[in-house]
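Reading through the structure tokens given below for one structure.
The values are calculated or read from the model by the stated rules, or taken from the named source; none is laboratory data. Being a predicted model, the structure only gives us computed values, none of them experimental. Here Cβ is always computed from backbone atoms with ideal geometry, including for glycine, and neighbour counts include all displayed protein chains.
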2 protein chains.
Amino acid sequence: MKRYQLHFFLLCFVLLFTNLAAQRPPAISSPDVHSDGSVTFRYFSKTASKITLNGEFLTSSIDLVKDTSGIWSVTVPPVKPDIYPYSFTVDNVQTSDPNNTYLFANERFKRSIVEIPGKEPLIHSLQNVPHGKLHYRYYNSKTLNIHRQVLVYTPPNMDLSGKTKYPVLYLIHGGSDTEETWTKVGKTNLIADNLIAQGKSKSMIIVMPYGNVRPAPLADFTKDVALDIIPFIDQNYPTINNAGGRAIAGFSVGGGQTLNIGFTNLDKFATICSYAPYTATEEFKTHFSNWSPDANQINSKLKLFTISVGTEDFLYESVKNNITMFKDKGINIKPFIVDGGHTWMNCKLFLSTTLQEIFKN
Amino acid sequence: MKRYQLHFFLLCFVLLFTNLAAQRPPAISSPDVHSDGSVTFRYFSKTASKITLNGEFLTSSIDLVKDTSGIWSVTVPPVKPDIYPYSFTVDNVQTSDPNNTYLFANERFKRSIVEIPGKEPLIHSLQNVPHGKLHYRYYNSKTLNIHRQVLVYTPPNMDLSGKTKYPVLYLIHGGSDTEETWTKVGKTNLIADNLIAQGKSKSMIIVMPYGNVRPAPLADFTKDVALDIIPFIDQNYPTINNAGGRAIAGFSVGGGQTLNIGFTNLDKFATICSYAPYTATEEFKTHFSNWSPDANQINSKLKLFTISVGTEDFLYESVKNNITMFKDKGINIKPFIVDGGHTWMNCKLFLSTTLQEIFKN
């Protein structure tokens, strides 16, 4: 799973590199994905007393076994093709895999990523199709009084003349994720490339902001999207500048933000797709606990409103209550209930589904 | 240095998140950069017997001290404003800082990054100036038979009509770095934004490919640049499509690649800037050990040829020999010798200097 094996000369180079070399562990290969989909994980420690592997392809953590050279390892049986986060717990401390370049973009969890390829390319696989561009941009958030980074996907062969206008999906990450999680872990750009190439998705722009606002209340992010990000995008990209041309989606804390932002800005978003929303927030309580909506008016504005969740998600009961609440208020909602937990494997499934449903009329 | 303090509700969320919560360390703040430029580093472990801090702001590693709760810490005196890599060594194993989101993009070294702000913004600081775009693109490398990622910086307010043509700097990372290291660690996009805003640098496109080719010989990367990357860039961006409009630069292994690629492709590059080149490679030996150049012809093609290095660089003697070799062959070379070692602090200095020198005539 390491990009490539190190050359001997590069190894020499590494040893030369600094006088700290003696303190470095040996170069070991982890994870090793075998052709049958089984995977060997390795970790080097002469001194640890217990090392376990935690992975979203496992139902519970499993122990690594140490050899005489201090290399701990474990091989797991064939895993269903997908992209999974995993980590080691070394004597009670969670750590990413020091021999794997691919890290889960997150401010809190220290995890690595392992990709199990399918026999046929999966919807997130890098394929020989036209590729869109992923832009790393800075915008000036007047709301938050800071320059913030935002990622913008533009579709393959976008018309730069300005004659063609594109719809825009605003896509928000989970609680301690970053603006890179939807691409680095969720593979949004590759999923969009593939679905557009297959004719299953409209060409669209996808905007991935940084959704965490701390210690300020999360409500500020709603303002940031409405007053700063949307104007920045509409100024800088050939967008369909109305509610029908905009969708908002997000996962977990971002799924809760999606509901807050969407339903308080129906003049800006006609499509709202919430994935496993976390809604135990002050902002959600403010907006929805004593909510008396004019359902007919809202339904006439909404082109699509979905809430997606897995039945093993730790938020499943809460999300079911959310769905019931919206139904009870008379809001047209399309629930999407699948297997699985609160995972980025399901995020990719939810996004793939959304991309095939939105901006179709 | 963590982006923001965690909210209590988010902490609850984290605890709820999975049943692994009991195995997670407490949320501690590391690194804490104080207003005087001193920094406190922290690491949690109940079981480690020795933890040291290694940082490029230190002359040698220093020990962290454990408190009764298992939090190890050390405070270093005020550090010169810059961006520095650092790591912990926990019982002989090098690790990045588990509480710091900012990681050094590298396939081998596991390091974190700490930014010490200056009283005035530094040349790499995010400032309120027009920002260029950073594009993550895929190109089809026929040479390597793979789709590879390449990062492309386009300058602020680039003329998209195609009427204005821009010069292009090809910029290559170090030995085990990735295509993201020049931006994530080297802050190339922000340095270019700032120098362009100050009128000190021409508006230009900067292309940052992935330079590692393993296990194939590095010579394949020379072909990849010449036959795949340059055509891709010239097809997709409004470039000055000749040697005068192209420069190549790189650091360490990338500095050696820069010399190989540049001098074997003088029809494509009139500017060659090599930073602390690593030249103990077969490819360099092939090109330069029995080299009998027509110096006049080469000098007539070269607009600028620089080799930069710090006097404390572990490659300093080797780089001095490289400079002498080129001088002895009669090649016009502008050496740039500064203080410091084989570091990305110096990389930023070398790049800032290059950006102010190239494409000026």
B:LEU171: touching a helix residue (DSSP H, G or I) at 6+ places or on another chain (Cβ under 9 Å), closer than 22 Å to A:HIS131 by Cβ and assigned to a loop (DSSP other than H, G, I, E, B), yes or no? no
For B:PHE305, indicate whether it is touching a helix residue (DSSP H, G or I) at 6+ places or on another chain (Cβ under 8 Å), under 21 Å from B:GLU56 (Cβ atoms) and assigned by TED's automatic domain parsing to the domain that holds B:THR188. no
Are there any pairs, at least 6 apart or on different chains, whose C-beta atoms fall under 8 Å, with the first in the range B:22-35 and hydrophobic (A, V, I, L, M, F, W, C) and the second modelled with pLDDT of 70 or more and assigned to a loop (DSSP other than H, G, I, E, B), and if so, which? B:ALA27/A:ARG108; B:ALA27/B:ASN99; B:ILE28/B:ASN99; B:VAL33/B:PRO117
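Results for (1) under 19 Å from the mean Cα position of the chain (by Cα); (2) assigned by TED's automatic domain parsing to the domain that holds B:PRO238; (3) over 27 Å from B:ASN346 (Cβ atoms), shown as yes or no for each residue.
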position: B:LEU126; (1), (2), (3): yes, no, no
position: B:LEU144; (1), (2), (3): no, yes, yes
position: B:HIS147; (1), (2), (3): no, yes, yes
position: B:THR154; (1), (2), (3): yes, yes, no
position: B:LEU160; (1), (2), (3): no, yes, yes
Tell me, which residue of the range A:71-90 that is buried (at least 17 other Cβ atoms within 10 Å of the Cβ) and either among the charged types (D, E, K, R) or facing chain B (nearest Cβ under 10 Å) (or both) is farthest from the chain's Cα centre (by Cα)? A:VAL90
Which one of these is surrounded by 24 or more Cβ atoms within 10 Å (Cβ to Cβ), in contact with a Ser or Thr (Cβ under 8 Å, 6 or more places away or on another chain) and over 15 Å from B:ILE358 (Cβ atoms): B:ASP220, B:ASP224? B:ASP224
Members of the range A:303-320 found to be closer than 21 Å to A:THR343 by Cα and in a loop (DSSP other than H, G, I, E, B), listed by number: A:THR311, A:GLU312, A:ASP313, A:PHE314, A:LEU315
Can you name every residue in the range A:324-351 that is under 21 Å from A:GLY175 (Cα atoms) and of a type outside the set (D, E, K, R)? A:GLY340, A:GLY341, A:HIS342, A:THR343, A:TRP344, A:MET345, A:ASN346, A:CYS347, A:LEU349, A:PHE350, A:LEU351
Do we have A:SER300 as part of a loop (DSSP other than H, G, I, E, B), over 24 Å from the mean Cα position of the chain (by Cα) and either of a type in the set (Ser, Thr, Tyr) or not assigned by TED's automatic domain parsing to the domain that holds A:ASN189 (or both) here? no
In the range A:321-355, how many are surrounded by 14 or more Cβ atoms within 10 Å (Cβ to Cβ) and in a helix (DSSP H, G or I)? 16
Just to be sure before I move on: is B:GLU115 crowded, with 16+ Cβ neighbours inside 10 Å, at pLDDT below 90, closer than 30 Å to B:ARG42 by Cα and of a type outside the set (Gly, Ala, Ser) in the structure I sent? no
In the set B:VAL168, B:VAL152, the lone residue that is modelled with pLDDT of 95 or more, at the interface with chain A (Cβ under 9 Å from one of its Cβ atoms) and crowded, with 22+ Cβ neighbours inside 10 Å is B:VAL152
Among the aromatic types (Phe, Trp, Tyr) and either surrounded by fewer than 17 Cβ atoms within 10 Å (Cβ to Cβ) or more than 18 Å from the chain's Cα centre (by Cα) (or both): does that describe A:TYR275? no
What are the residues in the range A:174-191 that are assigned to a loop (DSSP other than H, G, I, E, B), within 13 Å of chain B (Cβ to nearest Cβ), in contact (Cβ under 8 Å) with a residue 60 or more places away in the chain and within 30 Å of B:GLN235 (Cβ to Cβ), if any? A:GLU180, A:LYS187
Condition set part of a strand (DSSP E or B) and touching a residue at least 24 places away in the same chain (Cβ under 8 Å), scope the range B:134-149, selection farthest from the other protein chains (Cβ to nearest Cβ): answer is B:SER141
If you take the residues in the range B:41-68 that are under 21 Å from A:LYS50 (Cα atoms) and touching a residue at least 24 places away in the same chain (Cβ under 8 Å), which one is farthest from the other protein chains (Cβ to nearest Cβ)? B:ILE51
So, of the residues in the range A:91-102 that are without any contact (Cβ under 8 Å) to a residue 60 or more places away in the chain and not charged (D, E, K, R), which turns out to be surrounded by the most Cβ atoms within 10 Å (Cβ to Cβ)? A:SER96
Tell me, please, whether a residue that is within 11 Å of another protein chain (Cβ to nearest Cβ), closer than 30 Å to A:ASN241 by Cβ and charged (D, E, K, R) can be found in the range A:95-112. no
Just to confirm my filter: which strands (runs of 3 or more DSSP E) fall fully inside the range B:16-132 and include at least 3 residues that are of a type in the set (A, V, I, L, M)? B:71-76, B:112-116
Which of the following residues is at pLDDT 90 or above and surrounded by 19 or more Cβ atoms within 10 Å (Cβ to Cβ): A:LEU58, A:LEU64, A:LEU6, A:LEU10? A:LEU64
Looking at (1) without any contact (Cβ under 8 Å) to a residue 40 or more places away in the chain; (2) in contact with a Phe, Trp or Tyr (Cβ under 9 Å, 6 or more places away or on another chain); (3) over 30 Å from B:GLY70 (Cα atoms); (4) not β-branched (Val, Ile, Thr), which one does A:PRO77 not meet, given that it meets all the others? (2)
Qualifying positions in the range A:280-299 - surrounded by 14 or more Cβ atoms within 10 Å (Cβ to Cβ) and among the acidic types (Asp, Glu): A:GLU283
Test A:GLY162 against the stated conditions and say whether it is out of contact with any strand residue (DSSP E or B) (no Cβ under 7 Å at 6 or more places or on another chain), buried (at least 23 other Cβ atoms within 10 Å of the Cβ) and part of a loop (DSSP other than H, G, I, E, B). no
Which ones in the range B:213-255 are aromatic (Phe, Trp, Tyr) and either without any contact (Cβ under 8 Å) to a residue 24 or more places away in the chain or under 18 Å from B:LEU266 (Cβ atoms) (or both)? B:PHE221
Restricting the first residue to the range B:319-344 and requiring it to be free of Cβ contacts under 8 Å to residues at least 12 places away in the same chain, which pairs with a second residue that is outside any strand (DSSP E or B) and crowded, with 17+ Cβ neighbours inside 10 Å meet a Cβ separation below 8 Å and a spacing of at least six or different chains? B:LYS327/B:ILE333
